[in-house]
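So the structure is just underneath, and the comments pick up after that.
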Amino acid sequence: MSNAKTSDSQAVVVTGMGLLTCLGSLQQSWQSLLAGKSGIKFIQPFAGLPFYPLGAIAPKPIEISTITEPIVAAALADANLKLPLPDCAVVIGSSRGCQANWERYNAANWLETLPHQPAIATARYLQTTAPVLAPMAACATGIWAIARGYELVATNRCQRAVVGAVEAPITRLTLAAFERMGALAATGCFPFDRQREGLVLGEGGAVLVMETAALARSRRARVYGEILGFGLSCDAHHISSLDISNRAAYQAVKQCLSRSQIEAKTVDLIHAHGTGTELNDRREAKIIEHLFAPEVAVTATKGATGHTLGASSAISTALTLMAISQSIQPACIGLQQPECELNFVTKPRQKQINSALCFSFGFGGQNAVLAVGKYE
């Protein structure tokens, strides 16, 4: 259901998606979610460190350079596009970038390890001369990237953009930092569960091909759904702790609904950030209870994929678009005993989804909300 657009913008649709998680490719991850499977396993990532539950793609930590191009290539193939794409914008984010290389003191080719490397590598792969952006906003990076790409296309700066985020965060420093904070889970990720333990680090990413609806129609492209709008805000509260007043988080949600021209009562599905940490899940549940009707369906997928940090909201967006295109609400993997009385999806539900929201809340009080919907 296409929403009315302002005079200086137009409908922006998603015509291709590439995804890689510990569950596999886009189709493999989606089918595993529907089957209630989790890709989280106990792995010893480094010699001398203990085994951790991790959403790892391989037995040993991967490098971000090895997954960026395959994910982009999968998105282009899914959209039935051929290289080169000289007029295609690129917005690829990462909150950790090439941190693993820095930890190994890889100073020989330091230009290849800067935070914008995934975006630059994608631009070279596409052979584009259009705008290339590399947002970094902690766990909200994925939605920030999608939002920036949406703005480029909706305002006619570009007809097409490749957007998303990739992350390879299983490094010694990242594990040590989250362990020092007491945020790492001991056995698994259980979003919104009474027995939740914390987050589980995961690897992967998601890339979307977005373009004007007119361009998609002209080439008879398959459409997963429409980007309706977004909301961004900052708590300006603390380097890592959340603002429990939720003032800025409410602002991001309301801004997203307003820009998307939808009402809270009409939202069919919320894909929650759902990290499985004590404070985040409780705060997020409070946001949903305060702003939405009790019957809105709520799901979260980090219990299956792990928390891919900056890439997490790009992955959740791709999975939400799969839900819209197939009219299936995926289950909240890892949830057994809900702490709150939200309408959690505990088993996949066959139901048309006209509009859905993806939530992401990151360190530094970065709040990001994205609205996607069915396009006809």
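The values are calculated or read from the model by the stated rules, or taken from the named source; none is laboratory data. Bear in mind the structure is a predicted one, so any value in this text is a computation, not a measurement. Cβ atoms come from the backbone with ideal geometry, glycine included; neighbour counts cover every protein chain shown.
Quick check: anything in the stretch 58-66 touching a helix residue (DSSP H, G or I) at 6+ places or on another chain (Cβ under 8 Å), aliphatic (A, V, I, L, M), modelled with pLDDT under 95 and part of a loop (DSSP other than H, G, I, E, B)? Break it down stepwise before answering.
Filtering the stretch 58-66 for residues touching a helix residue (DSSP H, G or I) at 6+ places or on another chain (Cβ under 8 Å) gives 61, 63-65.
Keeping just the survivors that are aliphatic (A, V, I, L, M) gives 64.
Applying the additional criterion that residues be modelled with pLDDT under 95 yields 64.
Narrowing the set further to residues that are part of a loop (DSSP other than H, G, I, E, B) leaves none.
Checking the stretch 58-66: not a single residue is touching a helix residue (DSSP H, G or I) at 6+ places or on another chain (Cβ under 8 Å), aliphatic (A, V, I, L, M), modelled with pLDDT under 95 and part of a loop (DSSP other than H, G, I, E, B).
Given the conditions (1) buried (at least 22 other Cβ atoms within 10 Å of the Cβ); (2) closer than 22 Å to Thr129 by Cα; (3) of a type in the set (A, V, I, L, M), which single one is not true for Leu26?
(2)
Residues Leu257, Leu242, Leu232, Leu208: which one is surrounded by 16 or more Cβ atoms within 10 Å (Cβ to Cβ), hydrophobic (A, V, I, L, M, F, W, C) and in the same structural domain as Met17 (by TED's automatic domain parsing)?
Details: Leu257 fails: in the same structural domain as Met17 (by TED's automatic domain parsing); Leu242 fails: in the same structural domain as Met17 (by TED's automatic domain parsing); Leu232 fails: in the same structural domain as Met17 (by TED's automatic domain parsing).
Just a single option satisfies the conditions, and that option is Leu208.
Please work out if Thr275 is of a type in the set (Ser, Thr, Tyr), surrounded by fewer than 17 Cβ atoms within 10 Å (Cβ to Cβ) and at pLDDT 95 or above.
Values: of a type in the set (Ser, Thr, Tyr): yes; surrounded by fewer than 17 Cβ atoms within 10 Å (Cβ to Cβ): no; at pLDDT 95 or above: yes.
The answer is no for Thr275.
Please indicate, with yes or no, whether at least one residue in the stretch 157-169 is buried (at least 21 other Cβ atoms within 10 Å of the Cβ), more than 20 Å from the chain's Cα centre (by Cα) and more than 28 Å from Ala264 (Cα to Cα).
Here is the first cut: in the stretch 157-169, the ones buried (at least 21 other Cβ atoms within 10 Å of the Cβ) are 158, 160-169.
Filter once more, keeping what is more than 20 Å from the chain's Cα centre (by Cα): 158.
After this cut, where a residue has to be more than 28 Å from Ala264 (Cα to Cα) as well, the list is 158.
Yes: one or more hits.
Residues Leu309, Leu319: which one is at positive phi, of a type in the set (A, V, I, L, M, F, W, C) and either crowded, with 24+ Cβ neighbours inside 10 Å or not assigned by TED's automatic domain parsing to the domain that holds Ala75 (or both)?
Numbers: Leu319 fails: at positive phi.
That would be Leu309, the only listed residue that is at positive phi, of a type in the set (A, V, I, L, M, F, W, C) and either crowded, with 24+ Cβ neighbours inside 10 Å or not assigned by TED's automatic domain parsing to the domain that holds Ala75 (or both).
How many residues are charged (D, E, K, R), farther than 24 Å from Gln195 by Cα and under 21 Å from the mean Cα position of the chain (by Cα) if we restrict to the stretch 258-292? Let's see the steps before the verdict.
Going through the stretch 258-292, the residues charged (D, E, K, R) turn out to be 259, 263, 265, 268, 278, 281-284, 286, 289.
Remaining after also requiring farther than 24 Å from Gln195 by Cα: 259, 263, 265, 268.
From what's left, under 21 Å from the mean Cα position of the chain (by Cα): 259, 268.
Total satisfying the criteria: 2.
For the stretch 79-93, check the following and say yes or no: at least one residue is closer than 24 Å to Ala304 by Cα and not in a helix (DSSP H, G or I). Talk me through it step by step, then tell me what you get.
First, pick out the residues of the stretch 79-93 that are closer than 24 Å to Ala304 by Cα: 92-93.
Filter once more, keeping what is not in a helix (DSSP H, G or I): 92-93.
Yes - at least one qualifying residue is present in the stretch 79-93.
Between a first residue in the stretch 22-49 that is more than 16 Å from Gln326 (Cβ to Cβ) and basic (Lys, Arg) and a second residue that is crowded, with 16+ Cβ neighbours inside 10 Å and modelled with pLDDT of 95 or more, which pairs have beta carbons less than 9 Å apart while being 6 or more apart in sequence or on different chains?
Final answer for the pair search is Lys37/Leu23; Lys37/Ala304; Lys37/Ile333; Lys41/Cys22; Lys41/Pro53; Lys41/Leu54; Lys41/Gly55; Lys41/Ala56.
Counting just the residues of the stretch 245-254 that are in contact with a helix residue (DSSP H, G or I) (Cβ under 9 Å, 6 or more places away or on another chain) and on the phi < 0 side of the Ramachandran plot, which one comes out surrounded by the fewest Cβ atoms within 10 Å (Cβ to Cβ)? Please lay out each step first, then the result.
Going residue by residue through the stretch 245-254, those that are in contact with a helix residue (DSSP H, G or I) (Cβ under 9 Å, 6 or more places away or on another chain) are 246, 248-250, 253-254.
Add one more test, that the residue is on the phi < 0 side of the Ramachandran plot, and what stays is 248-250, 253-254.
Working: Ala248: 19, Ala249: 28, Tyr250: 17, Val253: 25, Lys254: 15.
Looking at the filtered set, the residue picked out is Lys254.
Residues in the stretch 175-190: is at least one outside any strand (DSSP E or B), farther than 30 Å from Arg104 by Cβ and in contact (Cβ under 8 Å) with a residue 40 or more places away in the chain? Write out each step before concluding.
So in the stretch 175-190, the residues outside any strand (DSSP E or B) come out as 175-183, 185-190.
Narrowing the set further to residues that are farther than 30 Å from Arg104 by Cβ leaves 190.
Okay, now just the ones that are also in contact (Cβ under 8 Å) with a residue 40 or more places away in the chain, so 190.
Yes, some residue in the stretch 175-190 is outside any strand (DSSP E or B), farther than 30 Å from Arg104 by Cβ and in contact (Cβ under 8 Å) with a residue 40 or more places away in the chain.
Filter the stretch 261-288 down to the residues that are among the small types (Gly, Ala, Ser) and out of contact with any Leu (no Cβ under 8 Å at 6 or more places or on another chain) and list them by number.
Pass one, the stretch 261-288, residues among the small types (Gly, Ala, Ser): 264, 272, 274, 276, 285.
Scanning the stretch 261-288 gives Ala272, Gly274.
Here are Ala130, Ala47: which of them is touching a Cys at 6+ places or on another chain (Cβ under 6 Å) and assigned to a loop (DSSP other than H, G, I, E, B)? So that I can check it myself, show each step before the final result.
On the way: Ala47 fails: touching a Cys at 6+ places or on another chain (Cβ under 6 Å).
Exactly one of Ala130, Ala47 is touching a Cys at 6+ places or on another chain (Cβ under 6 Å) and assigned to a loop (DSSP other than H, G, I, E, B), namely Ala130.
Suppose we filter the stretch 278-306 for residues that are of a type in the set (D, E, K, R) and surrounded by fewer than 20 Cβ atoms within 10 Å (Cβ to Cβ); how many remain?
Step one: of the stretch 278-306, the residues of a type in the set (D, E, K, R) are 278, 281-284, 286, 289, 295, 302.
Those still in the list that are surrounded by fewer than 20 Cβ atoms within 10 Å (Cβ to Cβ) too: 278, 282-283, 286, 289, 295.
Adding up the residues that qualify gives 6.
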